[in-house]
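Colleague: Quick one: the structure is below, questions incoming.
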């Protein structure tokens, strides 16, 4: 992937596929857009992938970041206005995806939320804990980030190369930026009535073994407020589930009838020929 620019931008994992639906991935707290790495080969069977990359020193608020993402998507659609768009957000990116979908619902055909961090705003301890992190010396903050990796991810389910990518992604975010993004999650709010206006199909994915957030209870909460949603539970996965070798997002989409129509038809033809 190319280097992250000085402003939010889209990265293209490999080749551009202008005839395929757009798959817009909004990443977690790292903001690199590069931790979708072990899912891209599968997703490229049916999508033209764009991963949002947020600069490490970016301190943009929700409203501005939402507007920037919408502008990036609209720029892609100006190249081909007939393409459908799938919006996928993981963790922090799940919150951003909800903001984007509420602001511009007409842009999207389907929405996927993976362990969305929206529950953090309803955790009272966050209001006390986040301000304290600014007083932690940088060395201890970085060390604590690495020690906390087993909470963020089920490390035994991740390949060594992807573990290293996760370590690098955690280390790339400065302390000041981490505090800012945590404060965004603390203050994140979307009224259930706003979610109720999202009529597109929504797929909610939650990890049972998430040690960072109560992701399964959160997707159950969201399931009550999206009018056209379904949920799928990953029984052994941690919070950063898309890095796990046994998790195949493309297959999860297929099992939940979330693939583009042309891909579903090709699967049916392939099965009939066997």
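Just so you know, all these numbers are worked out from the coordinates, no wet-lab data involved. This structure is a prediction, so every number in the text was calculated from the model and none was measured. Because the Cβ atoms are built from the backbone with ideal geometry, glycine has one as well, and the counts that use them run over all protein chains shown.
Colleague: What's the FRET efficiency of residue 14 with residue 161 using the Cβ-Cβ distance as r and R₀ = 22 Å, to the nearest 0.05?
Modeller: Working: r = 17 Å, r/R0 = 0.77.
Approximately 0.85, to the nearest 0.05.
Colleague: A follow-up question, please. Counting other beta carbons within 10 Å of each residue's own, what order do 191, 82 fall into, fewest first?
Modeller: Listing 191, 82 from fewest to most nearby Cβ atoms yields 82, 191.
Colleague: May I pose another question? Which order results if 176, 79, 99 are arranged by neighbouring Cβ count within 10 Å, fewest first? The partial results should precede the final answer.
Modeller: On the way: 176 13, 79 10, 99 23.
Result, fewest neighbours first: 79, 176, 99.
Colleague: Put a dot 7 Å past each Cα toward the Cβ at residue 70 and residue 223; how far apart are the dots in nm?
Modeller: Between residue 223 and residue 70, the simple spin-label model gives 3.0 nm.
Colleague: Pull out a ≥ b ≥ c, the square roots of the eigenvalues of the alpha-carbon gyration tensor of region 159-242, then state rounded if a/c is under 1.5, prolate if not and a/b is larger than b/c, and oblate in the remaining case.
Modeller: Note, shape of region 159-242 comes out oblate.
Colleague: Fewest first, what order do 66, 12, 199 take by the number of other Cβ atoms within 10 Å? Provide the component values of the computation, followed by the final result.
Modeller: Numbers: 66 20, 12 15, 199 10.
Listed from fewest to most nearby Cβ atoms, that is 199, 12, 66.
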